[in-house]
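Colleague: Could you have a look at this structure, given as structure tokens, before my questions?
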Amino acid sequence: MRFLERKPEEPRTDLTPLVDVVFQLIIYFAVSTTFAFMGAMKVNLPKAGTPTLSASQKKIMLVIDQKENLYWEHQPLGWEELKTRLKQTYQENPDILVVIEADKNVHHGTVVKVLDLAKTIGFNRLAIATAPREKEITPPK
């Protein structure tokens, strides 16, 4: 009986596992950078049951801490500088969302003052950040 001799196959590199790993790394970094700035300032937000904002939306984060200090994207600033930056941002992008992240112990008047300042400059898209409300567990019947 005559057997055919097989030529040894050249080794090949299979790229499927590499593509899988790269895809998982892209997902990991996309998710981790989304949450990188969330909670960077220690602000005790009030709780609400309404839906949260998308992380991909273009927005300005204005933070008011418990001592009523103002922060623009985690950088401290005063009222005059806030007014200047809001005007400059409005000229660059009037449709940007202004999110006020105020500690729940901040006086209501301070939050209203920031809202009024943004509205006076011309911003129409304003939001107040809240923490998600814990789901109430109801016993089965």
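Colleague: Within region 72-81, restricting attention to residues that are charged (D, E, K, R) and either surrounded by 12 or more Cβ atoms within 10 Å (Cβ to Cβ) or touching a helix residue (DSSP H, G or I) at 6+ places or on another chain (Cβ under 7 Å) (or both), which residue is farthest from Ala131 (Cα to Cα)? Outline the logic, then answer.
Modeller: Taking region 72-81 and keeping what is charged (D, E, K, R), we get 73, 80-81.
Cutting the leftovers down to either surrounded by 12 or more Cβ atoms within 10 Å (Cβ to Cβ) or touching a helix residue (DSSP H, G or I) at 6+ places or on another chain (Cβ under 7 Å) (or both) gives us 73, 81.
Values: Glu73: 18, Glu81: 28 Å.
Top of the filtered list is Glu81.
Colleague: Take the residues in region 82-123 that are touching an Asp or Glu at 6+ places or on another chain (Cβ under 8 Å) and surrounded by fewer than 17 Cβ atoms within 10 Å (Cβ to Cβ); name whichever of them is nearest to Ile60 (Cα to Cα).
Modeller: In this case the residue turns out to be Thr110.
Colleague: Here is a follow-up. Thr130: surrounded by 11 or more Cβ atoms within 10 Å (Cβ to Cβ) and modelled with pLDDT under 85, yes or no? So that I can check it myself, show each step before the final result.
Modeller: Working: surrounded by 11 or more Cβ atoms within 10 Å (Cβ to Cβ): yes; modelled with pLDDT under 85: yes.
When the stated conditions are applied, Thr130 passes them.
Colleague: For the subset of region 81-124 comprising residues that are acidic (Asp, Glu) and part of a helix (DSSP H, G or I), which member is farthest from Asp65 (Cα to Cα)?
Modeller: Per the stated criteria, the residue is Glu92.
The values are calculated or read from the model by the stated rules, or taken from the named source; none is laboratory data. All of these numbers come straight from a predicted model, not from anything done at the bench. Every residue, glycine as well, gets a Cβ built from its backbone with ideal geometry; the counts of neighbours run over all protein chains shown.
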